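S.K.: Below you will find the structure I want to go over with you.
The values are calculated or read from the model by the stated rules, or taken from the named source; none is laboratory data. Treat the numbers as computed from the prediction; the structure is a model and nothing was measured. Note that we place each Cβ from the backbone using ideal geometry, even for glycine, and neighbour counts take in every protein chain shown.
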Amino acid sequence: MRKAIFLDRDGVINRLIYNPDNLEYESPHSEKDIELYPGTLPALKQLKDMGYLLFIVSNQPSFAKGKASLEAIQAIHKKIHKQLLDFGVEFTEYFYCYHHPNGIVAEYSYDCQCRKPKPYFLLQAKDKYCLNMADSWMIGDCDLDIQCGLSAGVKTIAISEEKSKQRRGSMKAHFCTNNLMEAVEVIFKQEKRMRRPLEGLKIKIFADGADISAMKRAYQEGIVKGFTTNPVLMRKANIIDYEKFAREALREIPDLPISFEVLSDDFSSMEREARKISGWGRNVNVKIPITNTKGESSIPLIHKLSLDGLFLNITAILTVEQMKEVAEAISPRARTIVSVFAGRIADTGRNPIPYIKKGIELLKANPQAELLWASCRELLNIFQAQMCGCHIITVTDDILNKISLIGKDLDLLSLETVDLFHKNAQSGGYKI
């Protein structure tokens, strides 16, 4: 899942214009009215570099109110879009609502579904781009924006630039800043705060997935120390060309370990694939399953490849006997990851912790070997693996997205849970 910044346009990205007829500041009516706020372009560029998808979500009722033609409004959009692109800032999508319930143009003067504060566009983007709303933000300058963001489940920032203050009422945003540059600083600090709960952990977190964009984002955020993939994850991510995918991942992530798995079921083909995969990059771990599909042990192959110095990740381990065999087979001169599938052990009703502790004990004599807690099921597993003395744990994007919950006040979490139930009951129209 990806994260996004939803931005209102007028009063956030560009200045409002003063209307002497009603003594209010409002959206621009023509191209000549467009003036970006100082710092807008570098602020948006910074958000893009932080891995956010950018969206403009803006009510544009000037045509419905008879204040501007559709051609003039479209010209404004194009001018702003060009200014952004010229600076290297590309928005994923622009969402504009042209309606207004009190307008004078009949076909645009009604209570539509897309006008803020309704969260229609935000929820549409969530489904279309697979967004994690808990890690996303809405930045606006009036109550309509803040209410829209809150209804969609994103964090909110209210811009209180002097000309926008009259547009704001009592709606309380999560944060309030004077301009977009300050809003970016808030977001940067909040991301840093999210990472802080993990800074004291000695265990290394590896991201488990096959989505290049998600892998790149995790790499840029600096939380994870390595990556693992497997055929199931690649199939889920619609990977067609295995080697092309691997080489693209290695271009984006040149200096952290990445595991790629052999695909064959006979050991001679496994060996050929392992040596080829190992040649893809210096940071490649070659994943070898502990057996083939016939239950035949991979230990002889593991021993041979380890003696030759290949960086292996022995996978699909679930028993203590398998751990013993691997510990005896691997070379003390070759780096090795031993992946114990703790989550799958737990799926059978067994406590995986004694298995992990036994694995740590068996590998103690080999300084180049690391035990990996695989198939993580919940955030708590990170701390359980740390307490066991485990070296690495693999986590999916879903688990990474929960890091912001670490240490969260339980009373507040309880209130948010009740609010979630209440909103769903209302939106579902349920009655007793």
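S.K.: Take the residues in segment 124-133 that are hydrophobic (A, V, I, L, M, F, W, C) and outside any helix (DSSP H, G or I), then tell me which one is nearest to Arg9 (Cα to Cα).
M.R.: Step by step, filter segment 124-133, then rank; the result is Leu131.
S.K.: Could you please find all residues in segment 90-123 being outside any loop (DSSP other than H, G, I, E, B) and touching an Asp or Glu at 6+ places or on another chain (Cβ under 7 Å)?
M.R.: Residues satisfying the conditions do not exist here.
S.K.: For Tyr108, which of the numbered conditions (1) touching a Pro at 6+ places or on another chain (Cβ under 9 Å); (2) under 28 Å from Met181 (Cβ atoms) fails to hold?
M.R.: (2)
S.K.: Tally up the residues in segment 380-405 that are among the hydrophobic types (A, V, I, L, M, F, W, C) and in contact with a helix residue (DSSP H, G or I) (Cβ under 6 Å, 6 or more places away or on another chain), please.
M.R.: Count: 4.
S.K.: Please enumerate the residues belonging to segment 226-237 that are over 24 Å from Val338 (Cα atoms) and part of a loop (DSSP other than H, G, I, E, B). Write out each step before concluding.
M.R.: So the first thing to find is which residues in segment 226-237 are over 24 Å from Val338 (Cα atoms), and the list is 236-237.
Residue satisfying the conditions is Ala237 alone.
S.K.: Scan segment 132-144 and give yes if some residue there is of a type outside the set (Lys, Arg), in the same structural domain as Ile17 (by TED's automatic domain parsing) and free of Cβ contacts under 8 Å to residues at least 12 places away in the same chain, otherwise no.
M.R.: The answer is no, given that none of the residues of segment 132-144 is of a type outside the set (Lys, Arg), in the same structural domain as Ile17 (by TED's automatic domain parsing) and free of Cβ contacts under 8 Å to residues at least 12 places away in the same chain.
S.K.: Further question: How many residues are surrounded by 19 or more Cβ atoms within 10 Å (Cβ to Cβ), in a loop (DSSP other than H, G, I, E, B) and among the aromatic types (Phe, Trp, Tyr) when one looks only at segment 39-89?
M.R.: Residues in segment 39-89 being surrounded by 19 or more Cβ atoms within 10 Å (Cβ to Cβ), in a loop (DSSP other than H, G, I, E, B) and among the aromatic types (Phe, Trp, Tyr): 2 in total.
S.K.: Please go through segment 322-349 and pick out each residue that is surrounded by fewer than 17 Cβ atoms within 10 Å (Cβ to Cβ) and in contact with a Ser or Thr (Cβ under 7 Å, 6 or more places away or on another chain).
M.R.: Gly343, Arg344
S.K.: Another question about this same structure. I'm trying to understand the selection: among the residues of segment 268-281, which are out of contact with any strand residue (DSSP E or B) (no Cβ under 6 Å at 6 or more places or on another chain) and either not in a loop (DSSP other than H, G, I, E, B) or not assigned by TED's automatic domain parsing to the domain that holds Pro254 (or both)?
M.R.: Ser268, Ser269, Met270, Glu271, Arg272, Glu273, Arg275, Lys276
S.K.: Please count how many residues of segment 360-378 are farther than 14 Å from Ala342 by Cβ and of a type in the set (A, V, I, L, M).
M.R.: 4
S.K.: Got a number for residues in segment 26-37 being at pLDDT below 90, assigned to a loop (DSSP other than H, G, I, E, B) and out of contact with any Pro (no Cβ under 9 Å at 6 or more places or on another chain)?
M.R.: Summing the residues that are at pLDDT below 90, assigned to a loop (DSSP other than H, G, I, E, B) and out of contact with any Pro (no Cβ under 9 Å at 6 or more places or on another chain) in segment 26-37 gives 3.
S.K.: Next question. Being β-branched (Val, Ile, Thr) and within 25 Å of the chain's Cα centre (by Cα), is that true of even one residue in segment 352-369?
M.R.: No: segment 352-369 contains no residue that is β-branched (Val, Ile, Thr) and within 25 Å of the chain's Cα centre (by Cα).
S.K.: Check Asp255, Asp265 and return the single one that is more than 30 Å from Glu191 (Cα to Cα), among the acidic types (Asp, Glu) and either in contact (Cβ under 8 Å) with a residue 60 or more places away in the chain or assigned to a loop (DSSP other than H, G, I, E, B) (or both). It would help to see each step written out before you state the result.
M.R.: Values: Asp255 fails: more than 30 Å from Glu191 (Cα to Cα).
Answer to the check: Asp265.
S.K.: Working only within segment 4-19, note down all residues that are buried (at least 21 other Cβ atoms within 10 Å of the Cβ) and in a loop (DSSP other than H, G, I, E, B).
M.R.: Correct list: Asp8, Arg9, Gly11, Val12, Ile13, Leu16.
S.K.: Out of Ile223, Ile240, I need the residue that is outside any helix (DSSP H, G or I), more than 19 Å from the chain's Cα centre (by Cα) and surrounded by fewer than 20 Cβ atoms within 10 Å (Cβ to Cβ). Which one?
M.R.: Just one listed residue meets the conditions, Ile240.
S.K.: Looking for something among the basic types (Lys, Arg), modelled with pLDDT of 90 or more and farther than 25 Å from Asn132 by Cβ - is there at least one such residue anywhere in segment 58-80?
M.R.: So far as segment 58-80 goes, yes, one or more of its residues are among the basic types (Lys, Arg), modelled with pLDDT of 90 or more and farther than 25 Å from Asn132 by Cβ.
S.K.: Still on this structure: Scan the helices (runs of 4 or more DSSP H) fully inside segment 282-355 and keep the ones with 1 or more residues being out of contact with any Cys (no Cβ under 8 Å at 6 or more places or on another chain) and either within 18 Å of Ile392 (Cα to Cα) or outside the structural domain of Lys225 (by TED's automatic domain parsing) (or both).
M.R.: Once the helices (runs of 4 or more DSSP H) in segment 282-355 are filtered for at least 1 residues that are out of contact with any Cys (no Cβ under 8 Å at 6 or more places or on another chain) and either within 18 Å of Ile392 (Cα to Cα) or outside the structural domain of Lys225 (by TED's automatic domain parsing) (or both), what remains is 320-329, 342-347.
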